[in-house]
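The values are calculated or read from the model by the stated rules, or taken from the named source; none is laboratory data. No experiment lies behind these values; they were computed from the predicted model shown. Glycine gets a Cβ as well: all are built from the backbone with ideal geometry, and neighbour counts include every protein chain shown.
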Amino acid sequence: MKFARLGFGLIFALALVTGVRSLASSQGAPTPPPPPRPLPTTGTVITTSTAPPTALPAGMPVPTVQPTLQPTPAGKRGKKSAPSPEASPTDTPEPPQFASLDGVWEMQLQPLDGARTVYQHLTVKQDGANVTGTWDRPGMAKVPFTGSFDGRVFKLNVATKPKETIFTGYAENFGDMVGLIDAGGKAGTPFTASHRKKEKIGQ
């Protein structure tokens, strides 16, 4: 009787342990993940390599890749590259040729009666506002004069006889004159003059 009860107890204990293990495995087992979705068939397909890297033999150094420099192609022989343009210096204006009335002036008299142009000379010496010099006419003696100059307008009193001759006019940049010769007649004689070296009278 005692052996029967002992056997029945062992069977019940074994059945209880088996049931507990089954219940624990059913509750504690993780839910398997869902299967991955298939990749779309359109667009770019990315593939990866699963091949393991090749192992190097023991003791062999790992090779390094050095970049290769490509030489710049040389230009064609016989041709030089054009130099870069550089700014040229600003041209300096030339200074005025004359700074005073000093010197020889070539005159061109334009008679109002239609006669041909008459060439004469004035030799001028300027001292501030005062002017002196001589009037040189072809075939005639030189005649002295005195006068004034204010930087533009001049007046020369030539000591001709029997009546003095008066030159009036203006000068531009000490290089050119425009004026009128009044010898006491009804109308004066217009003239121009250029500041230059004296030329042979009568040409």
Worksheet item: Within region 121-138, can one find any residue that is more than 16 Å from S100 (Cα to Cα) and in a loop (DSSP other than H, G, I, E, B)?
Response: yes
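Residues are listed down the side, and each one gets a yes or a no for (1) hydroxyl-bearing (S, T, Y); (2) in contact with a Pro (Cβ under 8 Å, 6 or more places away or on another chain); (3) within 17 Å of Q110 (Cβ to Cβ):
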| residue | (1), (2), (3) |
| --- | --- |
| T165 | yes, no, yes |
| G175 | no, yes, no |
| L180 | no, yes, yes |
| G185 | no, no, yes |
| F191 | no, no, yes |
Discussion item. So, T134, is that one under 15 Å from G188 (Cβ atoms) and either basic (K, R) or out of contact with any helix residue (DSSP H, G or I) (no Cβ under 9 Å at 6 or more places or on another chain) (or both) or not?
Written reply: no
Practice prompt. Count, please, the residues in region 157-179 that happen to be at pLDDT 95 or above, among the polar types (S, T, N, Q) and on the phi > 0 side of the Ramachandran plot.
Written response: 0
Item to complete: Go through region 148-164 and give me each residue that's out of contact with any Phe, Trp or Tyr (no Cβ under 6 Å at 6 or more places or on another chain) and surrounded by 19 or more Cβ atoms within 10 Å (Cβ to Cβ).
Response: F149, F154
Fill in: Single unsatisfied condition, K125 versus (1) surrounded by fewer than 11 Cβ atoms within 10 Å (Cβ to Cβ); (2) among the basic types (K, R); (3) at pLDDT 95 or above
(1)
